[in-house]
Every structure is written in C-alpha cells, then in structure tokens.
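The values are calculated or read from the model by the stated rules, or taken from the named source; none is laboratory data. In this text, all values refer to a predicted model and were calculated from it rather than measured experimentally. Heads up, the Cβs are rebuilt from the backbone with ideal geometry, glycines too, and the neighbour counts pull from every protein chain shown. Protein only, heavy atoms only, side chains kept; ligands, DNA and RNA dropped before computing areas. Shrake-Rupley method; radii C 1.70, N 1.55, O 1.52, S 1.80 Å.
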Amino acid sequence: MSEVAVVGVGQTAFTRSCGVTIKELCFEAFKEALEDCNLYPKEIEASLICSAPEYDKQRSPAGAIVEYLGLNPQPTTYVENICASGTTGVRLAYSLIKSGLHDIVAVIGFQKMSELTSREAQERMGRGADIMWDSPFGLTMPAGYALYARMHMKTYGTTEEQMAEVKVKSSKYAVLNPKAMFQREVSLEEVLTSRVISSPLKFYDCSANADGASCVILASAEKARKITDTPVWIVGIGSASEPLSMANRTSFVGLNCAVEAARQAYKMAGIEPKDVDVAEVHDCFTIAEIMAYENLGFCNPGEGGKLVQEGQTYIDGDFPVNIDGGLLGKGHPIGATGGSQVRTIVMQLRGDAGRLQVKRAEIGLVHNIGGIGLYGNVLIFRR
Amino acid sequence: MGFEKFGKISYIRETKVAPFVDYLEQGKVMATRCRSCGKMYFPPRMDCEQCMTSDNMEWKEIVNEWKILTYTVSEFAPTGFEDDVPYILAIAESAEGLRVFTRLSKDVKEEQLQSDMKFKLAPVRLPDGKITYELQPLEEG
C-alpha cells in the first residue's frame, strides 16, 4: 500500500480583515502551495474545501472556490468540522490517496470571519453549542473553555499565571512569524490584568477571529518522490468525537476526543509522546494548550501548567509547542487553522522554519480541535 | 410545538420531549427513564441510545439536589443575551448522578460557590412569559 506525503504547503497572512473575497483569499494560499511543489492546477486530481459555513454568504463555497482556482472539472467536496475542518480535510485526502482513487489531492481551508458583523458572528457563536439544552442559557466558546479551566484549577491547582504563560510564549514566537496577526510581545502582567471575558479566562487568554486561508497538497509515495526531494510523510492519524451537550461530558479536566485521537495516532505511527520533536496544538484558549500537553502525553494530567512555566514547551525545551505563535498569536480563521498547523510542522521537518527552527526536528505532531472539545484530530508527520 | 416556550431564546419548536415544558409550568423538573433498559436521561429524550427503543420512556421527577462541579462568570454574551451579563453558567451534578448545564440564580454570589453548597433546579418565569430553569440555593431543613 502506497504511503502518503505532504508535498506542498501555503498560507495567507492571517489578518483582522482581508479586504478580498473568499475566492481571492484561497487563491493566494493555493498559489503558494503550488509554487512550493512546482505543480499546476490541472495536476491536482481532487480538492477538499474546508471551513465553517455559517460565516459565508456564498452557499456551497467549494464550487465558487474551485472555479476560481482552475480546478474544474476535477471533483471537489466541502468539509466541515468547525475549527478542526482543515485536519479533517487532510485525513480525508489521505484516505482518497490510500484507496487509490487519486494520487494528488489539495486541501484548502479558509475563513473570512470579517464577512459578518460582530453581532452576526456572536449570534452564530451562540448556536455553536447544543441549541436545545445549552444555547438557551447563553453559552459561548470562551464560557465553555472557562468551565474546563475552572475544573482544571480546582482539581490540579493550575493557576491563572500558568495559563498566562502560554500567551506570553505564543506572543514571543508570533512576532517572528510574518503571517501571524499579533505582532507584539505581551507580558505576564498584561495578560493577567486584561479584562475578564468569562472567568477565569481573560482577553489575552482567548484567540481572536481572523481572516485567512491555508493549503496542503498531498500525494502518493510514487508521485511525491517525483514532485519533491523533501516529502513529509503522514505516519499517524487519529480522530474522535465528544458529546456536544455540556451535560453529557464525562470530563472537564481534559478533552476526551484529544486523548482518543492521540492514542490512535501514536499507535499507528508506532511512537511514544517523548519521540515528538515539535508540535502544533489547538490553543484556542490558553487552558486548551495546557490540556493539550496532558492529553498528548507530554506530561502527566495536572502537570501542564508547570510544563510551560518551566519553559519545556519553548523552542529549546523537551517539547517545543506552537513555535509559530499558535492560534493565540496567529489568529484563528476557523477553517484555515488546521492547514496552517500542518504547514508549520512541514516547514519544521524540512528544516525551512528559519528563526523559528527547532533543532533536530524529525517527528512532528498536529493537534486540531473543533468546537468546545467536540472534534479531535491528531496527525503525526515524519521527514 | 410547545418547546418554543423554553429558554430566553428558543431555537427549537418541535420535539418529542415538549411535555418537559408543560411539567416545568407545573413546577416540576422531569427526566425520562427507558422502560426497556432502565437508563435515565436528563436532559430528557424519547429515544434510548442504550437499547435503541423509541417512545418507551416514562417521565420521572428528578431528585432535586445538586452540587456545582464547575462554573464561569460570563461577561460576554451571544446576540440576544447581552442584557443579562454578567451571568454565572455552571455544570452541576445531582444526588442521583445526573448532570445539568444551566445558569445560576442572580441572587447567588460567586463567593458562595467556594463552599459545598447544595442547589435545586427551579423553574423560572421570564418577563415575556417564557419559562426556563436555574440553580437556586437549596434551603436546609
């Protein structure tokens, strides 16, 4: 059975307001990925277009986008797993190639969150929970993660300072990433004194809405070796889901879907957490990164806060995490996020990460979560 | 029809568990229990995921004694809820092991949540005539 590799990656800058259409936004990321691997649109055999549709005016965006990218008459499919849409696209592209249906597949993720007014965006956020039993009480994304944060603090003694350390780290790397939205380092004091959004989470504990697109081009082993000298192989894929309703969650100290996805991915790759050289985790909120360390096995449950405080997840630590600014530093254009995480890991494993390069990076991991711990994808890559 | 009366903003009108709202109007918070396999559901449902039988549920009053597992004070609300901030959202567990996600009564102060205080789930009539439930302190005795 043929293996599958990432051969090309591309990403737009993530910005507050892109000022272009979703087609134009996707074109930029797609063009960069094509140039990365010297392919033409006609060589892409199929595409997967990933986003959260409630932010779009265009109905069935895949059709509009592939026309603009020159990807007709090849087949295309729209993929939605909220914030995990991008890596779900990679998982499906992997399956299309593994099955032998296609040899080269492009995964394009995008979101133009500025398409909506903040009132419209907040209305949609309210419906991101179970609309029958959760939304009528006014649940938001920050409130959902705040419930986890409070439980983590109560159970393990995790502190607001430890959560703030995650944002401090992110901002340090975001300023070295020209595609990141936040280009300013923030201090621990600034995070701790920022206004409360949903206690204990404050303004700087939260990632921000953004516009952006990303593209990942995957190929079968045979094609990959012809296309590039530096294929990055997908060696592990795990994926899981969790009840949407808050009342039916069994844990508030970690994300069950991440634990299960990680278990599957490590097993498939035949590696252990300590073998991971560089990771991208879904830090939509600071507490989410701390839980990710634990759920991925980088430390024991309850030790995540200490891990960042001790500097173990910085560029020269034992587990370098989000050495591109993460969602907190880059901004979080929902459908584009997973592809951006994959792009960072691919660049790290190729040795192309410049000032953000982690030394001796051979195995990389992506952890991408949809909703309030609703969908979990973990991907493992090897150079 | 019937469920549109539930909650400050209702997104659902039709459901098999619409009688939940009628019970709420009578001051009762009800769960469902599968007559085939005995599984209890709260929030209620009419289809059993454990034994896959449908419409073989009985309504059952809950043991109304809850403890807070985790909470957040929300200073930021979705569209339509802006006037309510700040409000406390919580996950609570009942004496019989059921869980609920809901709001706390405005009378509860955050400091009170540090203790092992017990709560009851109580129906609340909203100004526009709709109905919801919230956690209120359970009077001792």
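For the range B:12-59 versus the range A:118-144, the spacing of their alpha-carbon centroids is 24 Å. Near A:THR230, no amide H atom lies under 5 Å from its own; only residues 5 or more places off or on other chains count, and H is placed 1.01 Å from N. Ordered from largest to smallest accessible area (heavy atoms of protein chains, 1.4 Å probe), the residues A:LYS42, A:LYS31, B:LYS106 come out as A:LYS42, B:LYS106, A:LYS31. Using a 1.4 angstrom probe on protein heavy atoms only, the contact between B and A buries about 3100 square angstrom of accessible area, both sides summed. Only one residue of A:THR344, A:ILE108, A:THR76 has its Cα farthest out toward the positive end of the dipole of chain A, where Lys and Arg carry +1 and Asp and Glu -1 on Cβ, and that residue is A:THR76.
Our estimate of slack between A:SER60 and A:VAL20, defined as 0.36 nm per intervening residue step minus the Cα-Cα distance, is 12.6 nm. Name the residue farthest towards the positive end of the dipole of chain A from the options A:MET246, A:ILE65, A:TRP233, assuming +1 on Cβ of Lys and Arg, -1 on Cβ of Asp and Glu, about the Cα centre. Comparing the listed Cα positions along the dipole, A:ILE65 ranks first. With kT/(6 pi eta Rh) evaluated at 25 °C and eta = 0.890 mPa s, and Rh the Kirkwood radius from Cα pairs, the range B:19-137 diffuses with a coefficient of 158 µm²/s according to Stokes-Einstein. Rounded to the nearest 500, the helix-only mean residue ellipticity at 222 nm of chain B stands at -1000 deg cm²/dmol, with each DSSP H run of n ≥ 4 adding -39,500 (n - 2.57).
Evaluated with a Cβ-only charge set (Lys, Arg +1; Asp, Glu -1), the range B:39-97 carries a dipole of roughly 220 debye about its Cα centre, given to the nearest 20. Considering only A:HIS332, A:VAL196, A:ALA269, and ranking their Cα positions along the charge dipole of the protein assembly as shown that arises from unit charges at the beta-carbon of Lys, Arg, Asp and Glu, the one farthest toward the positive end is A:ALA269. Averaging Cα coordinates gives a centre for the range A:146-211 and one for the range A:263-312; these two points are 17 Å apart. For the range A:96-198, the list of trypsin sites (Lys or Arg not before Pro) that fall in a loop by DSSP and count at most 14 other C-beta atoms within 10 angstrom reads A:ARG184, A:ARG195.
Among the GluC sites (Glu not before Pro) in the range A:226-334, none is located in a DSSP loop while being surrounded by at most 13 other Cβ atoms within 10 Å of its own Cβ.
FRET efficiency for the pair A:GLU67 and A:ARG225, taken as 1/(1 + (r/R0)^6) with r the Cβ-Cβ distance and R0 = 30 Å, rounds to 0.45.
For a paramagnetic label modelled on A:THR159 (point 7 Å from Cα along Cα→Cβ), amide N atoms under 15 Å away belong, within the range A:174-210, to A:188-193. Put a plus charge on the Cβ of each Lys and Arg, a minus charge on the Cβ of each Asp and Glu, and nothing anywhere else: the dipole of chain A about its Cα centre is then about 180 debye. Legend: mean number of C-beta atoms from other chains within 10 angstrom of residue C-beta atoms, peptide A:121-132, equals 4. Axis of helix A:85-98 versus longest Cα principal axis of chain A: the two differ by about 40°, to the nearest ten degrees. Calculated accessible area for the protein assembly as shown comes out at 39 Å² per residue, all protein chains present (probe 1.4 Å; ligands, DNA, RNA ignored). Computed from Cα atoms, the angle from the helix A:22-37 axis to the main principal axis of chain A rounds to 70 degrees. Which angle from 0 to 90°, rounded to the nearest 10, does the C-alpha axis of helix A:334-350 make with the longest principal axis of chain A? Between the helix axis and the principal axis of chain A, the angle is about 70 degrees. Rounded to the nearest 20 debye, the dipole magnitude of chain B is 420 debye, with +1 charges on Lys and Arg beta carbons, -1 on Asp and Glu beta carbons, and the Cα centre as origin.
For the protein assembly as shown, taking Cα atoms only, Rg and Dmax work out to 23.5, 79 Å respectively.
The relative contact order of chain B, computed from alpha carbon pairs under 8 Å that lie at least 6 residues apart in sequence, is 22 percent. Unpaired Cys in the protein assembly as shown, meaning no second Cys C-beta under 4.7 Å: A:CYS18, A:CYS26, A:CYS37, A:CYS50, A:CYS83, A:CYS206, A:CYS215, A:CYS257, A:CYS284, A:CYS299.
The stretch between B:SER54 and B:ASP22 holds 9.4 nm of extra length on full extension. This uses 0.36 nm per residue minus the Cα-Cα distance. Given their separation in residues at 0.36 nm each and the Cα-Cα distance between them, B:VAL63 and B:GLU110 gain 14.5 nm when the chain is fully extended.
A:THR159 sits with roughly 50 Å² accessible to a 1.4 Å probe, with DNA, RNA and ligands left out of the calculation. Computed from the C-beta positions of A:PHE203 and A:GLU35 and an R0 of 41 Å, the FRET efficiency is 0.65 to the nearest 0.05.
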